[in-house]
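The values are calculated or read from the model by the stated rules, or taken from the named source; none is laboratory data. This one's a predicted model, so the numbers in the text were calculated from it and none came from an experiment. These area figures cover heavy atoms from the full protein model, side chains too; ligands, DNA and RNA do not enter into them. Shrake-Rupley method; radii C 1.70, N 1.55, O 1.52, S 1.80 Å.
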Amino acid sequence: MFKEIKVKLEEAILGIRIHIDEALAKGDSALVGKLQGIETGLTAHIATLEGEIKALEAILVASISVSPTGITFSMASPAPQSIATTIYPIDASNHGLSFSSQDTSVATVDEKGNVTSVGIGSTQIVVASADGNAKAFVSVSVAA
């Protein structure tokens, strides 16, 4: 639908340009100014439509697979652990992910998915797609 509207607007601009040339030939500067204003407005609408078309054509992330789905730490051996991720569909437009901890007093996570224990307790790590369309969770437990 947006593509068809864009084509119609482009056709209208071509028509306006013909009328601008005719008005210029007649020396009607007032009409030229009005037509140029209309042309500018239509050009702005085309730019907006192009953005809408691009957004509609984007392939959104449907799901995120995480491994492991749960991490257990011991304060006696608090070595950081990594979260591996896979985005589906594989050809999603934006593969960006963000990682966050729901309770940073228990565990923190960096931008690469490396989880570090901080204190005893339980929390979840949230893995979110940059397009905001999918999330996955990793349970974290830290024991004494």
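Using a probe radius of 1.4 Å on heavy atoms only, what accessible surface per residue do you get for the chain? Whole Å² is fine.
60
Explain nothing, just compute: Karplus ³J(HN,Hα) = 6.51 cos²θ - 1.76 cosθ + 1.60, θ = phi - 60°, for every residue of the range 35-46 in order, whole Hz, x for Gly and Pro.
Coupling constants for the range 35-46: 5, 5, x, 5, 4, 4, x, 5, 4, 5, 5, 4 Hz.
Using helices alone, what [θ] at 222 nm do you get for the chain, with -39,500 (n - 2.57) per DSSP H run of 4 or more residues, divided over all residues and rounded to the nearest 500?
-13500 deg cm²/dmol
Here is the link list: 112/135; 8/54; 34/54. Which ones come out longer than 22 Å on Cα distance?
The pairs that break the limit, which is 22 Å between Cα atoms, are 34/54.
For Cα extents along the principal axes in Å, several values are listed as (1) 45, 42, 37; (2) 124, 37, 23; (3) 89, 26, 16; flag the one computed from this structure.
(3)
Determine the share of the chain's accessible area contributed by carbon and sulfur atoms, expressed in whole percent, with a 1.4 angstrom probe.
Result for the chain: 58 percent of the exposed heavy-atom area is carbon or sulfur.
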